[in-house]
Amino acid sequence: SLYLRLEPATFKESYRIAMKLAKAEGWATLTERTAQRRIEAEVPLVTRVFMREGIAGLMRCYPAKIRDRSTLPALEAVNADCHKIDVLVRWPDGTENRPQIVAFQDLYSNKMLSWRVDHDPNKVMVMAAFGEMVENYGIPRHCLFDNGHEFANKWLTGGAKTRFRFKVRDDDPLGVLPMMGIQMHWATPAHGQAKPIERGFLDFANDIATDVRFAGAYVGKNPMAKPENYRSRAVPVETFIRVVEE
């Protein structure tokens, strides 16, 4: 019981504490290695992972779903999400920060259909990207969204009966998607594997963020991965947008 808990103590630590109690109570004991083998033999691996890592660990014990795209035509379903790009950008007002990009992706072909860039995710950039997609390619039948406020806004999804954000009211005006007859789907919160576009964002992180024209502006993918020339320059937003367009 000391070992099978969410504070993942090592087996050595758990055994050491148990031995103190056993000595005080006069219990017969096993050697450490024998006790560890006993747990491994009698407690299934899936149970051990669940007790020590919870639901998130349990999900990793089972194979990921395999998506079959062979029955989809182009634009039958799209998905959208936001991504913060690891490049320091200078905006027209002089602000310097990492830009957020929102993109709509076709699930059949993985093609990025439209995108917008701004300081932070917001409903205006989502609506602008959605409008560009419809204007250039057409109306999809299904949309898979993240559960962020920028996607669950009532301009876009008003009238939907299920949302992770905002209060659902009977008198909500219809949003753009319900008006167009587009069926909405919401990705599992805090679960990146639920959104196919995350694979595309991996390429954004590898190919766009480390582009040679962004030398000195790349800030690293996390605080522990800062390059030696961290924040030595910021690229103008016009340059950033031109590279993303390419």
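The values are calculated or read from the model by the stated rules, or taken from the named source; none is laboratory data. Because the structure is a prediction, the values reported are computed rather than measured. Cβ placement follows ideal geometry from the backbone for every residue including glycine, while neighbour counts extend to all protein chains displayed. When the accessible area is computed, the model is the full protein with side chains, heavy atoms only, and any ligands, DNA or RNA have been set aside. Shrake-Rupley method; radii C 1.70, N 1.55, O 1.52, S 1.80 Å.
Which one, THR95, THR210, THR34, has the greatest fluctuation when you compute a Gaussian network model over the chain with C-alpha springs under 10 angstrom?
THR34
Which of the pairs LYS111/LYS221; LYS65/LYS111; LYS84/LYS226; LYS111/LYS154 have their Cα atoms more than 19 Å apart in this structure?
Numbers: LYS111/LYS221 24 Å; LYS65/LYS111 21 Å; LYS84/LYS226 16 Å; LYS111/LYS154 27 Å.
LYS111/LYS221; LYS65/LYS111; LYS111/LYS154, as the Cα separations exceed 19 Å there.
Among all the lysines, which ones have a C-alpha under 27 Å from LYS12's C-alpha, if same-chain residues fewer than 8 places away are not counted?
Partners found: LYS20, LYS23.
Hey, what's the stretch 39-169 come to in accessible area per residue, 1.4 Å probe, Å²?
On the way: 7180 Å² over 131 residues.
Computed with neighbouring chains in place, this is 55 Å² per residue.
For the chain, modelled as a GNM with alpha-carbon contacts under 10 angstrom, which of GLY200, GLY26, GLY216 fluctuates the most?
The residue that fluctuates most here is GLY26.
Within the chain, what's the longest stretch lacking trypsin sites (Lys or Arg not before Pro) that sit in DSSP loops with no more than 16 other Cβ atoms inside 10 Å? Could you put the intermediate results ahead of the total?
Details: sites that count: ARG5, ARG60, LYS65, ARG67, ARG69, LYS111, ARG141, LYS161, ARG165, LYS167, ARG169, LYS221, ARG231, ARG233.
That gives 6-59 as the longest site-free run.
How much accessible surface does VAL43 have with a 1.4 Å probe, in Å² rounded to 10?
About 30 Å², ignoring ligands and nucleic acids.
Lys and Arg at +1, Asp and Glu at -1: add these up for the other residues within a Cβ distance under 15 Å of PHE130 and post the number. Let's see the in-between values first.
Details: positive: ARG116, LYS123, ARG141, LYS154; negative: ASP81, ASP106, ASP118, GLU132, GLU135, ASP146, GLU150.
For residues surrounding PHE130, the net value is -3.
If you add up the charges near ILE139, with Lys and Arg at +1 and Asp and Glu at -1, over every other residue whose beta carbon is less than 14 angstrom from its beta carbon, what do you get?
Details: positive: ARG141; negative: GLU76, ASP106, GLU132, GLU135.
After counting each charged neighbour, the total is -3.
Where Lys and Arg each count +1 and Asp and Glu each count -1, what net charge lies around GLU76 among other residues with Cβ under 12 Å from its Cβ?
Details: positive: ARG69, ARG141; negative: ASP106.
With Lys, Arg at +1 and Asp, Glu at -1, the net is +1.
Tabulate in residue order the Karplus-calculated ³J(HN,Hα) for the stretch 67-78, using 6.51 cos²θ - 1.76 cosθ + 1.60 with θ = phi - 60°, rounded to whole Hz; enter x for Gly and Pro.
So the J values, rounded to whole Hz, are 7, 9, 9, 5, 9, 8, x, 4, 6, 5, 9, 10.
Students often get this wrong, so try it: which of (1) 20.7; (2) 19.1; (3) 15.3 is mean projected area of the Cα convex hull in nm² as calculated from the structure shown?
Read-out taken from this structure: (1).
With the convex hull built on the Cα atoms of the stretch 18-144, state its orientation-averaged projected area in nm². Could you put the intermediate results ahead of the total?
Details: hull surface 61.5 nm².
Averaging across all directions leaves 15.4 nm² for the Cα convex hull.
Which of VAL126, VAL49, VAL117 moves most in a GNM of the chain, Cα contacts under 10 Å?
VAL49
Per the 1.4 Å probe, what fraction of the accessible area of the chain, in percent, lies on carbon and sulfur atoms? Please report the intermediate quantities before stating the final value.
On the way: 8120 of 14940 Å².
About 54 percent, which is the carbon plus sulfur part of the accessible surface.
Expressed as an acute angle from 0 to 90° and rounded to the nearest 10, what is the orientation of the C-alpha long axis of helix 123-136 relative to the principal long axis of the chain?
Value to nearest ten degrees: 60.
Per residue, how large is the accessible surface of the stretch 174-246? Use a 1.4 angstrom probe and give square angstrom. List each step's numbers first, then the result.
On the way: 4330 Å² over 73 residues.
Per-residue value: 59 Å².
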